[in-house]
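Computed from the coordinates by the stated procedures, all read-outs in this text should not be read as laboratory data. Bear in mind that the values here come from a model prediction, so they are computed numbers and not experimental data. For neighbour counting, all protein chains shown are included, and Cβ atoms are generated from backbone atoms with ideal geometry for every residue, glycine included.
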Amino acid sequence: MSDRMPPSPPRPPKFPGSGRPESPNWGVWVMVLLIVGVLAFGFFTPESFGLGPRKENLESFEAQYKAGRVVLNDPKAPVEVVLSENGSEGVIHALVYRKEIQPKVEMTPFALTYSMSLPDRDKPLLNELSGYRVVESPYRTEEGKNVSLIPEGAQKLSVPEFNRLALEGRIAGGKDGIILAEDGNQNVLVGQIVTRIWPAATGDASVDKQRFERVEVPFTLEFQGDRVKQLLGPDTKFKRESGSWGGILLNLLPIVLILVILFFMFRAQSGGARGAMSFGKSRARLISPDKNKVTFKDVAGISEAKEEVWELVEFLRNPEKFRDLGATIPRGVLMVGAPGTGKTLLARAIAGESNASFYSISGSDFVEMFVGVGASRVRDMFEQAKRTAPSLIFIDEIDAVGRQRGYGMGGGNDEREQTLNALLVEMDGFENNSNVIVIAATNRADILDPALLRPGRFDRQIHVGRPDVKGREEILKVHAKDKKLDASVNLKTVARSTAGFTGADLSNLLNEAAILAARANRPVLTMEDMNEALMKITAGPAKKSRVQTRKDLKETAVHEAGHAVAMYNLPTHDPVRQITIVPRGQSLGATWYLPKDDSSNLTRNEMYEQIVSLLGGRVAEALFLGDISVGASNDIDRATKLAKDMVARYGMCEKLGTVSYLDGGEVFIGRDYQTTKSYSEKVAGTIDDEVRALIDKAYDHCKQILTDNSDKLHKVVDFLLEKETMTGEQFEAIMQGREVGDASSTSMFDGFEDGKEDPKATEE
């Protein structure tokens, strides 16, 4: 196809009076239409067309509120109270579900424990309940044993939380009704929390109009004001009516037009220098309390970290409680953990629980090429936080600006250090009554400046680690709320199979499974999708279309069979779960095995047997193929690292003794460039000799295992060449001399219900 285009036709000549009329000035017409629209909006209301909300009395509205029919959490239609100009009357504006619409009801047990000596104004609102039964003890006798009336897993409520639920009509009884028991100087109230799940808005006006209706509830402030405040609670928006919309807009219209003109004039004059006036302003993103809906319920898998930061929430809620006792809250909290463990989410939850303003910024946002910009942004951010106190400042990846000073190739007085100095000064400059807390996150705490970590600054460190099996299950439940799961999907089984996964990894696992389900046109996520997503994440996508020669397949089969046979014959090694020669990612095959638990505390013998199993592929190639390949490069790297750690880091070498010759941290070039080795050349030579001796010992051990089980290894190879994938049960059948049957499933999740744990992969 040619890229040449035909020439454009010539334009007709212009003659006086023969040209087109000039196009109208659309800007003027748009401005006129806007003015007319603003005036029309001011003078006309929906009531003018008979489209206004329905009028309702306070008693009827209160009954609907307690029945849960009032929409409370819609940001587009919040419940608000408008007072008249003189403040004597008011109107409640709300959105109400129509009576034909019925919600889905869920019941959750609760328990409320409170002191009998509380003042009446602080006691539970028992008068709001439909009825309750009083007993003498929080225990009942069943088969001669005292059994607690509090159900297992019941939610612990505070008195304010209970009162709010009671006013909303969300307290009900269980099978025994609502029970009030006396326990010494305390009362225990047991019942059920009612959660009504209403159909969500569809966006279709005709459909939503059939579900919702707007109501107006007039009331007299003098006689009914306290009743309204108690019913709607402290979070209800109150505003005062200040005249008609028409009069307000007519008075403000000239000012608005002048401001618009000035804005465009200033924009035109500024040209390329636009934004120069805000160059040194903070880039922190502010999330106001009314927009931050994240709470501790949205954070799962890190219960210990949540307990550590709970006192921060208490301080932001009620700082006087601490100040009256002479206590000071930590001014800064440093969260340390691997990427994706939930540090940012936990910080947002603190702000959400404490109803505080949340400022979020990355450490790299402070650093600019111009001197003084970072320090200026630090000062501006703290000034903003103090104005909106209580506030929480979250600095992600603080190691970008808070690394150790005085290190590096060219000295230490650079822009990053000036920014760090400004941060230190601002944290030291907190007044005792400033309700501002700084939370920072990093995965490189070892390179932070010591001045940041001293008391008075980041004086508390919280480790946010990888979740255990229980934590992973909780995280999966949180991320699965918006997923359509098949009945066969068992999140507990998935949690057992994902050892070492962070919260972000688990979220990615469910997302990949959802993508696979959508690709296969399935309406729900199945266990098959979860299995394929897990294998895709751990080993890469399957390359089924890759053409391999018989020679390549045999080399891969021998390699993986060597791993598997070696693992089977090592007493403390985890059992093999699956072997495959199907290429995935960068590997030609893989052998998965099952750790017994989440523990990372390995013994010397366990580490040694890992080295033996890692060498299984290379030894099998040398014994049964007569040649070796580059496929064992990753195995050799891992085995060498394990051996070096055993000798030089963990003190597991008898010749060197219980001495560590390697630090446990990652390299920080600015610091480590100037440091020297803490051991002599002689010791370095001894380390190399011992590492080599340990590898040679493991190699000989693996060679002996594979030689003794050569017949079984050949059977495994033949099976892989025929079927490409072998399950753990089929592999054990060969090793035990039993007949090998067909696998009903090749899922990685099969067999976890019996207590087995998480798969890991040894890849070629």
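Quick rundown of the values:
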| quantity | calculated |
| --- | --- |
| Lysines with Cα under 29 Å of LYS641, excluding same-chain neighbours fewer than 8 positions away | LYS536, LYS554, LYS596, LYS655, LYS677, LYS682, LYS697, LYS703, LYS756, LYS760 |
| Alpha-carbon Rg/Rh ratio, for region 285-463, with Rh computed the Kirkwood way | 0.96 |
| Two-site FRET efficiency, THR388 against VAL425, from Cβ-Cβ distance with R₀ of 22 Å, rounded to 0.05 | 0.60 |
| For ASP459, distant residues with modelled amide H under 5 Å away | ARG331, GLY332 |
| Cα-based convex hull, region 104-197, per residue volume (Å³, whole number) | 101 |
| HN-Hα J in Hz across region 561-569 - Karplus 6.51, -1.76, 1.60, θ = phi - 60°, x for Gly and Pro | 5, x, 4, 5, 5, 5, 4, 4, 8 |
| Under 18 Å from LYS237, Cα to Cα: lysines that are on another chain or at least 8 residues apart | LYS76, LYS229, LYS291, LYS293 |
| Residues PHE238, PHE315, PHE219, sorted so that the one with the fewest Cβ neighbours within 10 Å comes first | PHE238, PHE219, PHE315 |
| J(HN,Hα) series, region 577-583, from Karplus relation 6.51 cos²θ - 1.76 cosθ + 1.60, nearest Hz, glycine and proline x | 9, 7, 10, 9, 10, 6, x |
| P(r) of region 469-539 over all Cα-Cα pairs, binned every 10 Å from zero, in whole percent | 22, 62, 16, 0 |
| Net +/- balance of residues flanking MET116 in space, Cβ distance below 15 Å, scoring K and R +1, D and E -1 | -3 |
| Added length on full extension, which subtracts the Cα-Cα distance from 0.36 nm per residue, ASP176 to GLU729 | 194.1 nm |
| Translational diffusion of region 478-625, µm² s⁻¹ [Kirkwood Rh, Cα pairs; Stokes-Einstein; 20 °C; 1.002 mPa s] | 124 |
